[in-house]
Amino acid sequence: WAGGLDGTSRGVMLSAGDPATATAGYVALEVFDGAIDGRSGTVAFQQFGTMQDGATTLHYVIVPGSGTGELAGVVGSIELEVDDEGRHGVTLLYAG
């Protein structure tokens, strides 16, 4: 992570379905350790994604109650964008 989110994360993802036919789903949890807009600590992110007939949905949030240090009490969501070259960009919307 770099930018307003500066740090590292590690996580676990489970998936099922048939990605070759664009029909699948996944859940993931990851722990972010670093700083958000200069406030340091850790938070957990949770993802719930589905793909059907090429259409995707994603629910990507900060797990409530997971913040430590200066990130205690932080809640919010993440908007994910993937460009044509597969690079991921995120926008974090948060409060607390």
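Conditions tested, residue by residue: (1) farther than 13 Å from Asp37 by Cβ; (2) open to solvent by less than 80 Å² (accessible area, probe 1.4 Å).
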| position | (1), (2) |
| --- | --- |
| Tyr60 | yes, yes |
| Glu70 | no, no |
| Ser77 | yes, yes |
| Glu81 | yes, no |
| Ala95 | no, yes |
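Out of region 1-26, which residues are of a type in the set (A, V, I, L, M, F, W, C), out of contact with any Asp or Glu (no Cβ under 9 Å at 6 or more places or on another chain) and surrounded by 15 or more Cβ atoms within 10 Å (Cβ to Cβ)?
The initial filter retains those residues of region 1-26 that are of a type in the set (A, V, I, L, M, F, W, C), namely 1-2, 5, 12-14, 16, 20, 22, 24.
Right, trim to out of contact with any Asp or Glu (no Cβ under 9 Å at 6 or more places or on another chain) and you get 1-2, 14, 16, 20.
If the condition is that a residue be of a type in the set (A, V, I, L, M, F, W, C), out of contact with any Asp or Glu (no Cβ under 9 Å at 6 or more places or on another chain) and surrounded by 15 or more Cβ atoms within 10 Å (Cβ to Cβ), then Trp1 is the only one that fits.
Anything in region 45-58 that is small (Gly, Ala, Ser) and surrounded by fewer than 17 Cβ atoms within 10 Å (Cβ to Cβ)? List them, or say none. Spell out how you get there, then give the answer.
First pass over region 45-58, keeping only residues small (Gly, Ala, Ser): 49, 54-55.
The answer is Gly54, Ala55.
Please pick out the residue among Gly34, Gly89, Gly41, Gly11 that is modelled with pLDDT of 95 or more and under 12 Å from the mean Cα position of the chain (by Cα). Give the steps one after another, and end with the answer.
Values: Gly34 fails: under 12 Å from the mean Cα position of the chain (by Cα); Gly89 fails: modelled with pLDDT of 95 or more; Gly41 fails: under 12 Å from the mean Cα position of the chain (by Cα).
So the residue among Gly34, Gly89, Gly41, Gly11 that is modelled with pLDDT of 95 or more and under 12 Å from the mean Cα position of the chain (by Cα) is Gly11.
Considering every residue within region 65-76, establish whether at least one is under 16 Å from Ser9 (Cα atoms), touching a residue at least 40 places away in the same chain (Cβ under 8 Å) and not acidic (Asp, Glu).
Checked against the condition, which is being under 16 Å from Ser9 (Cα atoms), touching a residue at least 40 places away in the same chain (Cβ under 8 Å) and not acidic (Asp, Glu), region 65-76 yields no hits at all.
The values are calculated or read from the model by the stated rules, or taken from the named source; none is laboratory data. None of the values given here were measured: they were computed from a predicted structure. Counting neighbours? That spans all protein chains shown, and the Cβs are built from the backbone with ideal geometry, glycine included. Please note that ligands, DNA and RNA were not included when accessible areas were found on the heavy atoms of the full protein model with its side chains. Shrake-Rupley method; radii C 1.70, N 1.55, O 1.52, S 1.80 Å.
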